[in-house]
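The values are calculated or read from the model by the stated rules, or taken from the named source; none is laboratory data. For clarity, every value in this text was computed on a predicted model and none was experimentally measured. Cβ placement follows ideal geometry from the backbone for every residue including glycine, while neighbour counts extend to all protein chains displayed.
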Amino acid sequence: MSYDRVRAVDEPVADALADERQRQRDTLAMIASENHVSEAVLAAQGSELTNKYAEGYPGERYYGGCAYADEVEELAIERAKDLWGAEHVNVQPHSGSSANMAVYLAVLEPGDKILSLDLTHGGHLSHGHDVNFAGKLYDVTHYEVDAETGRLDYESIARKAEKTNPDIIVSGFSAYPRQVDWKAIQEAADNVGAYHMADIAHITGLVAAGEHPSPVGIADFVTGSTHKTIRAGRGGIIMCGEEYADAIDTAVFPGLQGGPLMHNVAGKAVGFGEALDPAFNEYAAQVVKNADVLGEALQENGFSLVSGGTDTHLVLVDLRKSHPDVTGSDAEEALEEVGIVLNGNTVPGETRTPFNPSGIRAGTPALTTRGFEAAEMQQVGDLITRVVDNLGDTEVYADVAAEVQELCDAHPLYE
Ligand SMILES: Cc1ncc(COP(=O)(O)O)c(C=O)c1O
């Protein structure tokens, strides 16, 4: 895809777009929530559907001219149903956060109680952090992972639910490297008559491919982003049983949003179609394998992983044990200098701050899209180690940057 048409009218934006494409080609994207969509998804998201108003739902729009918008949205919905096996799907949320907001709007009143994982333990802002709308509108209590094991303690969640009597329990996480027992959380919710929302933003692709157990059919609501482990472009999705279909659809539109971003719905349709190809299952299996290899490599090199490893697409490194003087932000900055892009992250029992946390989070979805397998992941683990072990050493940085460039050149992107 060329930016010549942008350049003809707007050189600075064309330059920035071209620079961003080059940045993605020449760096290793290891932010666990990122991925690289196909050119087909990019084209669908850049289509003329960006011009179309389609308030409402297929067959029941508030505007004329929606025949093709209907076709695209119906395809996205049907494909999502095939991928995740949900009875009802809404593909209109603008993002994962909007999807969560719609669920709250559908079943909660302001002041109602949310029980969710603490942000510093791997939860998400939209699960009720006090800087987020959810924290401002609702009465939020948090559960935590076990300080020793770094894992969810389902009995403690159930106890906390009994004590706080929430209206909804939120599961699904931003920085949790282990499989989630959805049934255990559902039981905790049933026990106190609460709803259960499973936010699978990070693991939508793993769940679709059977690489992580599915909460669909267990939790009342399943929400997600569509641009992380599922490569369907930026957006959100909500899945639920038929009994909640009207409440969810009404909450998304007209409750929260106006016109759906139909170009992004088209991206979702194309990306979901791609994920129905059996090759996607192989991809998702490789994502998990690659995270495991990366985690092993880092541990062999002396790093400490929260929970001692991973079952998913990400590893969470607690730097306090191996590198007590290095913060997650130090590591993130140094790694970006050599072309490895990941993020500093809080860790359970955080002793610093979210702006200057004690850990780093690294994911494998994007590298796996580029074709990285075990050998490359071992190499990436070693490169990360060399940088963090030698912070500020420009000779080491230059050597590592050269290896990163070789890896990128060997696994080209958007040619
Ligand atoms: C668990 C979880 N939920 C929701 C979101 C928000 O997704 P979005 O950025 O699509 O709003 C994220 C983002 O990473 C997330 O990790």
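The table below lists the values:
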{"item": "Given (1) out of contact with any Asp or Glu (no Cβ under 7 Å at 6 or more places or on another chain); (2) farther than 27 Å from P254 by Cβ; (3) touching a residue at least 40 places away in the same chain (Cβ under 8 Å); (4) not aliphatic (A, V, I, L, M), number of the condition E162 does not satisfy", "result": "(3)"}
{"item": "Selected residue (criterion: surrounded by the most Cβ atoms within 10 Å (Cβ to Cβ)) from residues of region 216-244 that are among the small types (G, A, S) and within 16 Å of the ligand (Cβ to nearest atom)", "result": "A232"}
{"item": "Condition broken by R61, with the remaining ones in (1) crowded, with 17+ Cβ neighbours inside 10 Å; (2) in contact (Cβ under 8 Å) with a residue 12 or more places away in the chain; (3) under 22 Å from G235 (Cα atoms); (4) not acidic (D, E) satisfied", "result": "(2)"}
{"item": "Residues of region 254-272 satisfying the condition of being out of contact with any Asp or Glu (no Cβ under 8 Å at 6 or more places or on another chain), away from the ligand (no atom under 16 Å from the Cβ) and among the small types (G, A, S)", "result": "G255, A266"}
{"item": "Unique residue being basic (K, R), over 17 Å from H411 (Cα atoms) and at pLDDT 95 or above when the list is R25, R21, R7", "result": "R7"}
{"item": "Yes/no for A251 being among the hydrophobic types (A, V, I, L, M, F, W, C) and either assigned by TED's automatic domain parsing to the domain that holds K321 or away from the ligand (no atom under 14 Å from the Cβ) (or both)", "result": "yes"}
{"item": "Extreme residue, surrounded by the most Cβ atoms within 10 Å (Cβ to Cβ), among residues of region 346-393 that are farther than 27 Å from L152 by Cβ and among the small types (G, A, S)", "result": "A374"}
{"item": "Residue that is farthest from I237 (Cα to Cα) [pool: residues in region 71-105 that are of a type outside the set (K, R) and surrounded by fewer than 17 Cβ atoms within 10 Å (Cβ to Cβ)]", "result": "E71"}
{"item": "Segments classed as helices (runs of 4 or more DSSP H), wholly inside region 1-73, with at least 2 members that are among the charged types (D, E, K, R) and not assigned by TED's automatic domain parsing to the domain that holds G96", "result": "4-9, 11-26"}
{"item": "Hits in region 1-58 (condition: in contact (Cβ under 8 Å) with a residue 60 or more places away in the chain, among the hydroxyl-bearing types (S, T, Y) and loosely packed, with under 15 Cβ neighbours inside 10 Å)", "result": "T50"}
{"item": "Count - residues of region 117-147 that are within 10 Å of the ligand (Cβ to nearest atom) and crowded, with 21+ Cβ neighbours inside 10 Å", "result": "6"}
{"item": "One residue from I203, I169 being crowded, with 24+ Cβ neighbours inside 10 Å, over 15 Å from L117 (Cα atoms) and either within 13 Å of the ligand (Cβ to nearest atom) or not hydroxyl-bearing (S, T, Y) (or both)", "result": "I203"}
{"item": "Yes/no for L305 being within 19 Å of E144 (Cβ to Cβ), crowded, with 16+ Cβ neighbours inside 10 Å, in contact with a helix residue (DSSP H, G or I) (Cβ under 9 Å, 6 or more places away or on another chain) and not assigned by TED's automatic domain parsing to the domain that holds H142", "result": "yes"}
